[in-house]
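Below: one structure, written as structure tokens.
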Amino acid sequence: MSEIFDEILEYVQTLEIIDTHEHLPAFENLREKDTDVLKEYLTHYLSCDLISAGLHPEEYEKVINHRIPLMERWKKVEPYWEASQHTGYARALELSVRELYGIERICGETIEELNSKFLKSLNPGHFNKVLKQKSKIKVSMLHDIPKVNELIVFDSNLACDQEFFRNVYPVDRLIFPQSGDDILHFERESGIRIHNFTDYLTAAEKIIDNALAHDAVALKSALAYARPLEYERATHFEAEQEFNEIFKSKHMGSYLPQLFMPGKKFQDYMMHFVLGIAGTRNLTIQFHTGIQEGTGNYLPHSDPSLLTNLFLEYPDVDFDIFHMGYPYQDVVSVLAKNFPNVYIDMCWAHIISPTASINALLNWIDCVPVNKISAFGGDYLFVDGVYGHQLMARENVSKALAQKVEDGVMDIARANRISEMLFFENPVRIFKLQGKIE
Ligand SMILES: [Zn+2]
């Protein structure tokens, strides 16, 4: 077994890969410089494990306050770090610091040395080192959000460094606008003054076309953070009535935030409207499904089977199901098996649970055509995490394929061939990247 694994991994390590999903700064010079290793590494993911392990959220705020001496903060976090050290999130960071900084483990003895090496990495060239030289990433598909909460921040600035990234357009604000500022933003972006629902729809279409003209390669929705993934049919009239509610806050002084919560029928209508546009432009839409990042949310909202009516009604849209739907990865198997327009995306998955990722791959190779799976998306807000994650992805894929060779399902040449598909050819085809990544 281990010889077969070694041989496959050796080949997989040579592969250039397409990274289906990142949240990195769009240009390296936009990296936060006023930081340190704990502040950056605990932006997300492991921070949630630490809080789950018992670190109080107020203490967490102190741990990421780089004005407080580093060792004082390490002492606060150490027991929770130790309890979390075997999770995928912690393992990815360990792999990263080993390769990037030559430090064997993150612990009390090494944290100061790690921090001083990390601070040097804020100089230009680190993106190239991590993403290109170490991780062999051809391009990463970028969902550029400056803050952790995917719902709150909407960035219409489509420019990104084409050496590393391609843009994905987040459609959520069009479906779920939250304030008068959003409406003003849409007016500016579309050049259309929005007086009524018809204006709003015209503006929405123009904004999406604008994004495509500015090289967005796909659409993305992360609304499973805020509502169930079930988008029912609503009539134009129902949606219009709820849209009109938005204007009720217009009379308030401009010094007050004009916040609102659009009704469900409006949201449902808008999702169908956006998918209608996606169908006529032959687009792929990435859907967040499964586990929500952060502390506490409604997991059942993210069940990918709730999207079934959309798969049926929009056969011309390709649906890319994020995070392998974890923990609904068996549900995702059936969806990808039954629908020609549904694809599995393992972004974030290998660090959520390496074991679940390997087992899911073993199962999918049994029941889903291998041209429907993309094996890697880093899904990190900070660049160092990407290295550890892609290494785990390469190892997990190699383990699953080695098992299939061991079971007599395929030979090593076929296993290697499948690894090329999972890491490169499939995402190129699923996201129509041909001609856009050279
Ligand atoms: Zn993400």
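The values are calculated or read from the model by the stated rules, or taken from the named source; none is laboratory data. The structure presented is a predicted model; accordingly, all values stated were derived computationally and were not measured. Here Cβ is always computed from backbone atoms with ideal geometry, including for glycine, and neighbour counts include all displayed protein chains. Ligands, DNA and RNA are excluded from the accessible area calculation, which covers all protein heavy atoms including side chains. Shrake-Rupley method; radii C 1.70, N 1.55, O 1.52, S 1.80 Å.
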Which pairs break 21 Å Cα to Cα here: Lys33/Lys129; Lys39/Lys62; Lys76/Lys120?
Lys76/Lys120
Whole-percent carbon and sulfur contribution to the accessible surface of the range 177-225 (1.4 Å, no ligands, DNA or RNA) stands at 47 percent
Residues of the range 33-55 with backbone nitrogen within less than 15 Å of a virtual label 7 Å along the Cα-to-Cβ line of Lys62, please, listed as ranges.
55
Filtering chymotrypsin sites (Phe, Trp or Tyr not before Pro) in the range 292-328 by DSSP loop and by at most 16 other Cβ atoms within 10 Å leaves Tyr298
Column: log10 I(q)/I(0), Debye, Cα scatterers of the range 15-126, q = 0.13 Å⁻¹
-0.51
Solvent-accessible area per residue, Å², over the chain with all protein chains present [probe radius 1.4 Å]:
40 Å²
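When the helix-only estimate is applied to the chain (DSSP H runs of n ≥ 4, each -39,500 (n - 2.57), divided by the residue count), what is the mean residue ellipticity at 222 nm, nearest 500 deg cm²/dmol?
Values: 19 runs with 200 residues, N = 438.
About -13500 deg cm²/dmol.
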How many percent of the alpha carbon pairs in the range 357-399 exceed a separation of 12 Å?
63 percent
Order Thr308, Thr295, Thr284, most accessible first, counting only protein heavy atoms with a 1.4 angstrom probe.
Thr295, Thr308, Thr284
The range 243-370 shape via C-alpha gyration tensor axes, a/c threshold 1.5
oblate
Of the chain, which part is the longest with no trypsin sites (Lys or Arg not before Pro) in a loop (DSSP not H, G, I, E, B) and with at most 10 other C-beta atoms within 10 angstrom?
194-438
So, in nm, how far is label Arg233 from label Asp316 when the simple model puts each one 7 Å beyond its Cα toward the Cβ?
1.9 nm
Two pseudo-spin positions, 7 Å from Cα along C-beta at Glu425 and at Val409, lie apart in nanometres by 1.8 nm
Considering just Cα atoms, how many Å³ per residue does the convex hull of the range 276-435 enclose?
122 Å³
Grab the alpha carbons of the chain, take their convex hull, and tell me the volume per residue in Å³.
144 Å³
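Taking square-rooted eigenvalues a ≥ b ≥ c of the alpha carbon gyration tensor, is the range 343-430 rounded, prolate or oblate, where a/c under 1.5 means rounded and, failing that, a/b exceeding b/c means prolate?
Because a/c hits 1.5 or more and a/b exceeds b/c, the range 343-430 counts as prolate.
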